[in-house]
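Before any comments, here is the structure.
The values are calculated or read from the model by the stated rules, or taken from the named source; none is laboratory data. As the structure is a prediction and not an experimental result, all values here were calculated from the model. Here the Cβ is made from the backbone with ideal geometry for all residues, glycine too, and neighbour counts use every protein chain on show.
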Amino acid sequence: MGLHKEELDLILVPLALVILFSYNLSLLYRYLNHPRTTAIGFQNNDKRAWVARIMEGDKDDVRNALSVISSNTSAASVLASISLTLSSLIGAWLGGKSPNVFQSELIYGDTRSCTLSMKYIGLMLCFLLAFSCFVSSATHFVHANYLISIPSSDVPVESVETAVIRAGDFWCLGLRALYFALNLLMWFFGPVPMFVSAVITVAILCSSDANSKPLHQHLPAPARAQMVKMTGQPKSPVSAEVL
């Protein structure tokens, strides 16, 4: 008995979602237990060193740090606005009565109204999740801005590190939500494009999320100056201990 095209959605769509969720769960496990094997852990190592230098620096360093945080806050706010706008447009489209091009016979898959509504709702939820994550990222960046700019501050370095790293984590979650939204968008053209898109997305993310470089052990400024004075050259990067 042949397989009807409407039944492809029941096979390929769950399989594509399993591929996406399995990869991201494995990435989360590696990030929590073996952070130096991920690009996120590699970046967090540099962020911690950046915060430590900023908290030890003078007013010029603080001014530069506030400029960096401001640019990150602006980027998160822009992506949050775009995500909210897209989710609003999808909600308006979903509530409309106009004929839909995605119910055409050219779409090789299930084109029933209930399935089409599921596509819209899934896509809208992804954009809303991205909006929430980018807003949270901007909130933590603003909090770090306040901590760094306190005059004559005795704020612990760990507090600023936590704010900056959490902002970066929410930024990554927002991007993951957009990746899911991209794959759900391909579902509008049929289950086959969605499945192919999920495989390509995971292949690209496997390459970009992995890290094989040793973590650089950032020396404090006095120790670095002493090393240069003793050896006549800066200390070369070495592998840091596991975070």
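So the values come out like this:
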item	result
Residue satisfying all of: in segment 4-20; closer than 13 Å to Gly190 by Cβ and either in contact with a Phe, Trp or Tyr (Cβ under 6 Å, 6 or more places away or on another chain) or not in a helix (DSSP H, G or I) (or both); modelled with the lowest pLDDT among these	Lys5
Answer residue from segment 151-164, given it is part of a helix (DSSP H, G or I) and hydroxyl-bearing (Ser, Thr, Tyr) and is nearest to Leu32 (Cα to Cα) among those	Thr162
Those residues of segment 31-71 which are touching a Ser or Thr at 6+ places or on another chain (Cβ under 8 Å) and either at pLDDT 95 or above or closer than 20 Å to Val142 by Cβ (or both), in sequence order	Val62, Leu66
Lone qualifier among Thr201, Thr111 - being crowded, with 17+ Cβ neighbours inside 10 Å, outside any helix (DSSP H, G or I) and not basic (Lys, Arg)	Thr111
Flag for Trp187 being buried (at least 19 other Cβ atoms within 10 Å of the Cβ), hydrophobic (A, V, I, L, M, F, W, C), touching a residue at least 60 places away in the same chain (Cβ under 8 Å) and under 23 Å from Pro35 (Cβ atoms)	no
Residues satisfying the stated conditions in segment 149-160, i.e. in contact (Cβ under 8 Å) with a residue 40 or more places away in the chain, surrounded by fewer than 20 Cβ atoms within 10 Å (Cβ to Cβ) and closer than 17 Å to Asn44 by Cα	Val157
Boolean, Ser136 is surrounded by fewer than 20 Cβ atoms within 10 Å (Cβ to Cβ), among the hydroxyl-bearing types (Ser, Thr, Tyr) and within 16 Å of the chain's Cα centre (by Cα)	yes
Which listed residue, of Ala210, Ala177, is surrounded by 16 or more Cβ atoms within 10 Å (Cβ to Cβ) and among the small types (Gly, Ala, Ser)	Ala177
Which listed residue is surrounded by fewer than 22 Cβ atoms within 10 Å (Cβ to Cβ), modelled with pLDDT under 95 and either at positive phi or part of a helix (DSSP H, G or I) (or both), from Met124, Met194	Met124
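So that you can scan it fast, the table gives a plain yes or no per residue for (1) touching a residue at least 24 places away in the same chain (Cβ under 8 Å); (2) assigned to a helix (DSSP H, G or I); (3) farther than 30 Å from Ala52 by Cβ:
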{"residue": "Lys119", "(1), (2), (3)": "yes, yes, yes"}
{"residue": "Ser137", "(1), (2), (3)": "yes, yes, no"}
{"residue": "Val142", "(1), (2), (3)": "yes, yes, no"}
{"residue": "Leu147", "(1), (2), (3)": "no, yes, no"}
{"residue": "Arg166", "(1), (2), (3)": "yes, yes, no"}
{"residue": "Phe170", "(1), (2), (3)": "yes, yes, no"}
